[in-house]
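First the structure, then my questions, so here it is.
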Amino acid sequence: MTDPQIIWFRQDLRLADQAAVAAAARAGPVIAVYVLDDETPGNWRIGGAQRWWLHHSLAALAASLEAQGVPLVLRRGRAGTVIPELVRTSGAGAVHALWHYEPWARVQQAEVAAECELQLHDGNYLLPPGTVRTGSGGPFRIFTPFWRALQQHMPPPPPTPVPALTAAPVPDSDTLADWQLLPTRPDWSKGFNVWTPGEAGAHAALDAFAGKAAAYDRARNFPAEAGSSRLSPHLHFGEVSPGQVWHAVPDSDSYRREIAWRDFAAGLIDTFPDSHETPGRAQFVDFAHRDAPDELRAWQQGRTGYPIVDAGMRELWATGWMHNRVRMIAASFLVKHLLIDWRAGSRWFWDTLVDADLGNNSLGWQWIMGSGVDSSPFNRIFAPVTQSAKFDASAYIRKWVPELARVPEAAIHAPWEAGGARGYPPPLVDHAVARARALAAYAATRA
């Protein structure tokens with residue numbers, strides 16, 4: 001009799017083009033397992049918005065597995081303890097999983113491998129981190145040369161279909177309801193109904209985007225237009241593979257570049273595993289951040305007085321997502337206009353974004369701050385009013401900041417210049433004053 005094979009799912013919640021699923025299916029009957037491990041990541045366990053997504057994604061995965069007669073086993077605890085114990089009680093011959101590169105994922109993998117046969121497979125990125133190297137053999141620290149080098153290895157292999165699965169005897173399992181992943185008191189997720197988590201939802205979103213991907217390079221910058229792919233949470237949870245996305249958008253090198261950026265971010269996390277907490281440039285270690293909790297709260301709540309910033313922060317709270325152009329504007333406002341530590345912003349995004357990927361989130365914040373190994377210069381300070389007008393954010397602002405719904409078009413980007421709007425706050429800080437203050441703080445780090 002063939003030993004059972006465990007499929008250990010993490011943020012790779014799909015059956016198609018999933019190398020661990022395929023390998024386990026070839027080797028014997030399978031036990032499909034997801035472990036909710038809040039212990040190993042410590043303070044970086046998944047946030048509230050991700051928990052909402054995880055609940056629905058696991059429900060979708062369970063239904064897909066059940067269609068082949070394979071239950072999804074749910075366990076909670078430290079993965080390095082839970083998985084080996086499951087191997088012992090089930091008599092499994094091996095555990096199959098995809099490689100993950102977050103610091104805590106490395107710990108999970110090492111602990112499991114120390115106790116049982118763990119077979120790790122590639123599949124969460126176009127290429128495994130470290131595959132693409134510089135001419136001297138080191139890891140890339142700058143994206144543009146990384147992108148040029150990566151393209152020499154493309155295209156990725158054609159995506160593989162869902163394999164036939166045979167179920168092994170099923171161990172005991174928690175229920176999704178046991179985990180209480182969904183918010184209740186209060187239920188802040190009512191606006192999340194714009195999403196359909198799961199593999200089928202991911203492919204529906206990919207199909208919808210593929211037809212307009214050729215226009216992505218321009219359309220992605222306009223928050224009032226539906227130019228974004230909205231695939232980021234599906235990619236984050238592994239409901240669709242980057243290879244599947246690559247092959248689906250042959251007319252958009254611009255979007256393929258974004259998929260490569262995700263690979264680049266994973267490589268930086270692999271090379272610099274503390275980059276979610278430590279500046280990549282030494283001069284920013286002692287940067288003079290301001291301790292301004294009231295201003296941080298105003299930013300979080302979308303009450304800064306800058307309409308484009310507030311629209312983005314309210315979209316984030318309502319839907320678990322924010323338009324990428326607006327993410328940059330809002331992040332720049334926090335770290336440069338308010339001089340608040342980028343890590344406070346990163347933490348807020350970690351809790352409120354459904355696509356809060358450690359690599360992308362950390363790289364994005366350090367890029368804006370100017371502190372990352374690959375980053376925008378600190379003295380590039382986004383002017384919110386200029387950005388709002390340039391990218392025609394009027395309709396976006398009116399949607400998310402209803403206090404400004406009746407403000408004349410000429411004043412929508414800077415309503416204080418026309419006397420303000422009832423119920424809407426004045427700016428926390430004048431742009432010119434904030435810019436001068438930020439540049440002075442930066443100059444002090446170079447003295």
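The values are calculated or read from the model by the stated rules, or taken from the named source; none is laboratory data. Everything numeric here is computed off the predicted structure, so don't read it as measured data. Note: ideal-geometry Cβ built from the backbone for every residue, glycine included; neighbour counts use all protein chains shown.
Of the residues P186, P145, P139, which single one is in contact (Cβ under 8 Å) with a residue 12 or more places away in the chain, of a type outside the set (A, V, I, L, M, F, W, C) and either touching a Phe, Trp or Tyr at 6+ places or on another chain (Cβ under 9 Å) or not assigned by TED's automatic domain parsing to the domain that holds A63 (or both)?
It is P139.
Working only within the stretch 81-107, note down all residues that are free of Cβ contacts under 8 Å to residues at least 60 places away in the same chain and within 24 Å of the chain's Cα centre (by Cα).
Once the filter is applied, which keeps residues that are free of Cβ contacts under 8 Å to residues at least 60 places away in the same chain and within 24 Å of the chain's Cα centre (by Cα), the stretch 81-107 yields only W99.
Among the residues that make up the stretch 207-217, is at least one of them of a type in the set (D, E), modelled with pLDDT of 95 or more, farther than 18 Å from R51 by Cβ and not in a helix (DSSP H, G or I)?
no
Which is within 30 Å of L182 (Cα to Cα), acidic (D, E) and in a loop (DSSP other than H, G, I, E, B), of E277, E295, E315?
E277
Here's something else I'd like to know. Pairs under 7 Å by beta carbon, first residue within 16 Å of G364 (Cβ to Cβ) in the stretch 277-289, partner among the β-branched types (V, I, T) and in a loop (DSSP other than H, G, I, E, B), six or more apart or different chains?
P279/V285; G280/V373
Only one of D3, D17, D38 is at positive phi and of a type in the set (D, E, K, R). Can you tell me which?
Being at positive phi and of a type in the set (D, E, K, R) holds for just one of D3, D17, D38, which is D17.
Now, a different point. Which condition from (1) within 22 Å of S275 (Cβ to Cβ); (2) more than 16 Å from the chain's Cα centre (by Cα); (3) not in a loop (DSSP other than H, G, I, E, B) is the one that F378 breaks?
Checking F378 against (1) within 22 Å of S275 (Cβ to Cβ); (2) more than 16 Å from the chain's Cα centre (by Cα); (3) not in a loop (DSSP other than H, G, I, E, B), the one that fails is (3).
Yes/no per residue for (1) loosely packed, with under 14 Cβ neighbours inside 10 Å; (2) acidic (D, E); (3) within 30 Å of F284 (Cβ to Cβ):
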residue	(1), (2), (3)
W400	no, no, no
R406	yes, no, no
H413	no, no, no
A434	no, no, yes
R437	no, no, yes
A440	yes, no, yes
T445	no, no, yes
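If you don't mind, there's one more thing I want to ask. Which of the numbered conditions does A202 fail, given that it passes all the others? Conditions: (1) surrounded by 15 or more Cβ atoms within 10 Å (Cβ to Cβ); (2) outside any helix (DSSP H, G or I); (3) of a type in the set (A, V, I, L, M, F, W, C).
(2)
Could you list, in sequence order, all residues of the stretch 250-274 that are farther than 18 Å from L206 by Cβ and either over 19 Å from the mean Cα position of the chain (by Cα) or surrounded by fewer than 21 Cβ atoms within 10 Å (Cβ to Cβ) (or both)?
D270, T271, F272, P273, D274
Let me ask another. Of the residues P186, P145, P156, P171, which is of a type outside the set (S, T, Y), under 30 Å from Q366 (Cβ atoms) and either surrounded by fewer than 11 Cβ atoms within 10 Å (Cβ to Cβ) or touching a helix residue (DSSP H, G or I) at 6+ places or on another chain (Cβ under 7 Å) (or both)?
Values: P186 fails: under 30 Å from Q366 (Cβ atoms); P145 fails: either surrounded by fewer than 11 Cβ atoms within 10 Å (Cβ to Cβ) or touching a helix residue (DSSP H, G or I) at 6+ places or on another chain (Cβ under 7 Å) (or both); P171 fails: under 30 Å from Q366 (Cβ atoms).
Within the list P186, P145, P156, P171, the selection yields P156.
List the number of the failed condition for W416; all other conditions in (1) more than 30 Å from the chain's Cα centre (by Cα); (2) part of a loop (DSSP other than H, G, I, E, B); (3) at pLDDT 95 or above hold.
In the conditions (1) more than 30 Å from the chain's Cα centre (by Cα); (2) part of a loop (DSSP other than H, G, I, E, B); (3) at pLDDT 95 or above, W416 misses (2) alone.
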